[in-house]
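Asker: Sending over a structure as structure tokens; questions will come in a sec.
Values in this text are rule-based calculations from the coordinates and carry no lab data. Quantities reported herein were computed from a predicted structural model and do not represent experimental measurements. Every residue, glycine as well, gets a Cβ built from its backbone with ideal geometry; the counts of neighbours run over all protein chains shown.
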Amino acid sequence: MTSVVVNTYSHSVTYVADNILKSIKDIILLSGLDPGAFVGDWQSNLQAMQTWLNSRVLLGVKLEIYNPKTNELIVRWDIDVVYAWSGGDGEFWTDTEQLRYAIRKVGLAPSEVKYRFTLSVKPGTPDLPGWSDATMRSTQGMVRQSLGTTVEHSGLGASASYWRHVS
């Protein structure tokens with residue numbers, strides 16, 4: 001008798017990590033920024049995300065768009081990981097329209113801004129090669145706008161939000 005086991009959690013990790021990265025790339029591109037540096041680090045970002053998703057220590061990713069002269073945060077995009085994985089043949093989808101609508105609402109970034117991509121992990125998680133602790137820019141005077149679930153695969157998913165200045 002031969003039995004075959006498919007690690008569907010690994011499939012979920014691959015799907016969710018890949019689609020979070022694609023969502024971040026869309027945010028960068030549709031905000032009018034150059035995705036070159038981000039795309040150049042794609043494999044490192046993907047490997048770190050998959051490693052930490054497999055260990056269930058990845059809390060989420062953040063994309064800070066900031067003014068390099070003042071170091072002030074212009075807008076921040078958060079994609080928080082949700083660990084409710086159930087196994088089996090669950091749903092899998094990515095809501096790109098929801099994200100595109102929010103990006104249009106936020107508007108194009110000024111040409112002089114820079115961006116930084118970070119991963120948030122549980123305290124005590126060992127660093128991976130090329131990754132170390134980072135201090136996030138302040139969101140004081142900003143409000144968080146939740147978009148809801150953006151990526152889903154059998155309960156392992158991600159919810160997006162962005163921080164904008166209070167008008």
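Asker: Of the residues that make up the stretch 29-46, is at least one part of a helix (DSSP H, G or I), in contact (Cβ under 8 Å) with a residue 12 or more places away in the chain, surrounded by 20 or more Cβ atoms within 10 Å (Cβ to Cβ) and not charged (D, E, K, R)?
Answerer: yes
Asker: Any idea how many residues of the stretch 96-135 are among the charged types (D, E, K, R) and free of Cβ contacts under 8 Å to residues at least 24 places away in the same chain?
Answerer: Adding up the residues that qualify gives 4.
Asker: Continuing with the same structure: Before we move on, is Arg137 over 23 Å from Ala17 (Cα atoms) and basic (Lys, Arg)?
Answerer: Taking the combined requirement at face value, the residue satisfies it.
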